[in-house]
């Protein structure tokens, strides 16, 4: 059966549930996802400040890792051609592009060090988001914004302020708001004797960062928590409670990363609560597996639940990004699988008769609610997804991997050979 026939049958099935498939596709096409650049090179970056640290580890040694700006943007462009829709690019400060002899430390970064990325974004119709890089640096070995060493603390304060001004330049040139997300790896491996003082120093650092004069209509600052990491298993300074309260008091965005909580916690349950008290919310969609928070996103239960809450809560109030890194598989494929999985989950949510389900709950008709929820699991989502990809000019599910494999043979294999010479 042709894809158009399958689509017409699927649309008819959804219509019986009161769902307008065309409206769902139009909405999905307008939902941007901020795609993380660091999947392409295992979070190493370009500034060479030090080995990846802060509990971050990309495992595996799949050939073809991008090693410079030219290679990374080529890989990103390849992934974008296989991902439907128009999206954003999420950069870390460690991806500054320096001219020979012009390298500066992170507290001296300026917009011109990211002009190649701005030009790249213009060429590809992308918005840009930004992250201070408070790891992978000699001054991040012990602590950053919560450091007992005032000189170290001030270095990272200057870095975060520099990043806000860089994001402001993104917004000016691209005529679009830019999100700056602050995450720190500060914490302790074993049981702390003093939990308050590091958090007081973090609060003071954030307060000082925010004394910077910047245009809040152009730059949205977010803070991101984590429950634990490698080497900080017992205590993280930037806990969820700390950042949730700090963001609320200072009118910042609180960013929820789906891999940064206890294994029994899910951010899908937090979204509705957060939006009752905040105008906007930021998400990093990842896939936690036991202690590791950054596996490639799949079309799994939690991803679908996150998407349901995004659509129920008003997607216009939520800034969606991906955040994972896997060096054990083809890195372009990892981008494509992860981002498309988020989009499939969003499409599934858009094709869900939300008002009908909510009304059944309101009337406490729980048998019918459960039965309909189970029925929807077998709905013909795939036929609709294939047509969405076709309309967006990207390969369908059975086709995109062939293009990645061809790129691996033509580009990635040669890249690895040249590196070994």
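The values are calculated or read from the model by the stated rules, or taken from the named source; none is laboratory data. These numbers come from a predicted model, not from an experiment. All Cβ positions, even for glycine, are placed from backbone atoms using ideal geometry, and neighbour counts span all protein chains on display.
Odds and ends about this structure:
Residue by residue, here is whether (1) assigned to a loop (DSSP other than H, G, I, E, B); (2) surrounded by fewer than 24 Cβ atoms within 10 Å (Cβ to Cβ); (3) not assigned by TED's automatic domain parsing to the domain that holds residue 141 holds:
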{"residue": "170", "(1), (2), (3)": "no, no, no"}
{"residue": "176", "(1), (2), (3)": "yes, yes, no"}
{"residue": "179", "(1), (2), (3)": "no, no, no"}
{"residue": "197", "(1), (2), (3)": "no, yes, no"}
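- The residues of the stretch 384-407 that are surrounded by fewer than 15 Cβ atoms within 10 Å (Cβ to Cβ), at pLDDT 95 or above and more than 24 Å from the chain's Cα centre (by Cα), listed by number, are 391, 399, 402, 405, 406.
- You will find that of 295, 284, the residue that is out of contact with any helix residue (DSSP H, G or I) (no Cβ under 8 Å at 6 or more places or on another chain) and buried (at least 22 other Cβ atoms within 10 Å of the Cβ) is 284 and no other.
- Hits in the stretch 100-150 - residues which are assigned to a loop (DSSP other than H, G, I, E, B), in contact with a strand residue (DSSP E or B) (Cβ under 8 Å, 6 or more places away or on another chain) and without any contact (Cβ under 8 Å) to a residue 60 or more places away in the chain: 126, 132
- Of all residues making up the stretch 53-99, the number that are farther than 16 Å from residue 325 by Cα and in contact (Cβ under 8 Å) with a residue 24 or more places away in the chain: 19
- Condition met for residue 381 (buried (at least 17 other Cβ atoms within 10 Å of the Cβ), more than 30 Å from residue 74 (Cβ to Cβ), free of Cβ contacts under 8 Å to residues at least 24 places away in the same chain and in contact with a helix residue (DSSP H, G or I) (Cβ under 6 Å, 6 or more places away or on another chain)): no
- Scanning the stretch 272-297 for residues that are at pLDDT 95 or above, out of contact with any strand residue (DSSP E or B) (no Cβ under 6 Å at 6 or more places or on another chain) and closer than 21 Å to residue 58 by Cβ yields a single hit, 296.
- Evaluation of residue 92 against (1) over 16 Å from the mean Cα position of the chain (by Cα); (2) closer than 17 Å to residue 179 by Cβ (one fails), failing number: (1)
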